[in-house]
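These notes are about the structure you will find just below.
Just so it is clear, none of the values below were taken in a lab; they were calculated from the coordinates. These numbers come from a predicted model, not from an experiment. Every residue, glycine as well, gets a Cβ built from its backbone with ideal geometry; the counts of neighbours run over all protein chains shown.
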Amino acid sequence: MDAILTALGGLLLRALPTFLLLLALHFYLKLMFFRPLDKVLKARRQATEGTRNAARASLDAAAQKTAEYEGAIRAARAEIYREQEETRRTWRDEQAAALDESRRNASGAVNQARARIAEEAAQAKQSLAGESDRLAGEIAEAILPGRRD
């Protein structure tokens, strides 16, 4: 067992410079490689986050402008629809007025025609009454030739 311990002590003694070299390499790499690499990665992360934040702010601003534009478009459409409805209402009122005027004119023309027809009917009746008396006289004269009133 002493031989094993002696051999093991010899191995440890010979491995000690390797261990010290590895330890020195570790601190050297940490100081010369990993710290600058950490600084670069940290700066890159900060730059990336800054860019992301700027992009997020830009997207928010674009969304806000889009909402404003859509609101303006909705308002403009509502105004156009209101104007169209007002124009339609005006046209409807004008058409109704023109229709009423046409009905009044037609009613007046119908009344005039009725009055004229009634007058012509009265004249025709009067004319027929006179004609019927004359025809009755002629018929009576033809049937009863010598008799006169």
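Of note:
- Cα centroid separation, segment 106-145 to segment 1-69 (Å): 128
- Note on S127 and D100: with the Förster distance fixed at 41 Å, the Cβ-Cβ geometry gives a FRET efficiency of about 0.55.
- Listed values [x] 134, 20, 7; [y] 30, 15, 14; [z] 32, 15, 12, entry calculated as semi-axes √(5λ) of the Cα gyration tensor in Å: [x]
- q = 0.24 Å⁻¹, segment 24-94: log10 I(q)/I(0) [Debye, one scatterer per Cα]: -0.98
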